[in-house]
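Q: Take a look at the following structure, please.
The values are calculated or read from the model by the stated rules, or taken from the named source; none is laboratory data. Treat the numbers as computed from the prediction; the structure is a model and nothing was measured. Positions of Cβ are generated from backbone atoms using ideal geometry, with glycine treated the same way; all protein chains shown enter the neighbour counts.
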């Protein structure tokens, strides 16, 4: 069975600090996809990134970066120079291979990030 | 383009009553999903539609839950009769069937059963 673990329930940082959100996953599939979503106070989940299991290249998008390591089954998310607007709940998710675009997402329990000024 | 919308945003009902949640996906998105987050736990998949057809309803908790997507546009999720353990946030998401598959989520409906 697939499982996603986000061991950090809540993280508090001061603005401009760097912060890393951990995500560890379990799956027997050789082809799978990993995701990060952000849930701001407005409630909707905002898509941040999708990674497939064959692409272990790290990705950087502005202040956001992701470190995918198959050897440790981890897909960690780092925010550099955090800002108050980064305060949200962040979810890591996993899905098996796509079929006609169908993705059954398996989520972790989320990490609440609080960035104070 | 307009995002996924859900109605109502919050519903408080008594045990044994019926509630219907509605989801309007992004126009052109044939995939529609329902997920649920019970307090403090992970968000869990409930079911998936492609247009009006249910493709996977393996996550539906029991037969008190009925989802429909008439005409392949909006979807409803009815809980009848509601139980205390049904309380949680119900999310709807939609995506395309080709091209970029990212799921776009709505803000959720918070259901409280008292």
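Q: Only residues that are more than 12 Å from chain A (Cβ to nearest Cβ) and under 10 Å from residue B:32 (Cα atoms): list them for the range B:55-104, please.
A: In the first step, residues of the range B:55-104 are kept if they are more than 12 Å from chain A (Cβ to nearest Cβ); the result is B:60-88.
Within the range B:55-104, B:69, B:72, B:73, B:74, B:75 meet the criteria.
Q: Take residues that are over 12 Å from the mean Cα position of the chain (by Cα) and tell me which of the strands (runs of 3 or more DSSP E) falling wholly in the range A:44-102 contain 1 or more. Before you say what the answer is, go through the steps one by one.
A: Working: elements: A:46-52, A:59-61, A:64-69, A:74-79, A:88-96.
So the answer is A:46-52, A:59-61, A:64-69, A:88-96.
Q: So which residues in the range A:4-33 are surrounded by 14 or more Cβ atoms within 10 Å (Cβ to Cβ), within 13 Å of chain B (Cβ to nearest Cβ) and part of a strand (DSSP E or B)?
A: Once the filter is applied, which keeps residues that are surrounded by 14 or more Cβ atoms within 10 Å (Cβ to Cβ), within 13 Å of chain B (Cβ to nearest Cβ) and part of a strand (DSSP E or B), the range A:4-33 yields A:4, A:5, A:25, A:33.
Q: Now, a different point. Restricting attention to the range A:34-46, which residues are surrounded by 17 or more Cβ atoms within 10 Å (Cβ to Cβ) and in contact (Cβ under 8 Å) with a residue 12 or more places away in the chain?
A: If the condition is that a residue be surrounded by 17 or more Cβ atoms within 10 Å (Cβ to Cβ) and in contact (Cβ under 8 Å) with a residue 12 or more places away in the chain, then A:34, A:35, A:36, A:37, A:38, A:39, A:45 are the ones that fit.
Q: Let me ask something additional. Confirm whether residue A:101 is at pLDDT 95 or above and within 11 Å of chain B (Cβ to nearest Cβ). Before you say what the answer is, go through the steps one by one.
A: Numbers: at pLDDT 95 or above: no; within 11 Å of chain B (Cβ to nearest Cβ): yes.
No; evaluated as a whole, the condition is false for this residue.
Q: Of the residues that make up the range A:72-87, is at least one touching a helix residue (DSSP H, G or I) at 6+ places or on another chain (Cβ under 6 Å), more than 11 Å from chain B (Cβ to nearest Cβ) and either over 25 Å from residue B:106 (Cβ atoms) or modelled with pLDDT of 95 or more (or both)? Working first, answer last.
A: Quick first cut of the range A:72-87, residues touching a helix residue (DSSP H, G or I) at 6+ places or on another chain (Cβ under 6 Å) only: A:79.
With the extra rule that they be more than 11 Å from chain B (Cβ to nearest Cβ), the set shrinks to A:79.
Next, only the ones that are either over 25 Å from residue B:106 (Cβ atoms) or modelled with pLDDT of 95 or more (or both) stay: A:79.
Yes, the conditions are met somewhere in the range A:72-87.
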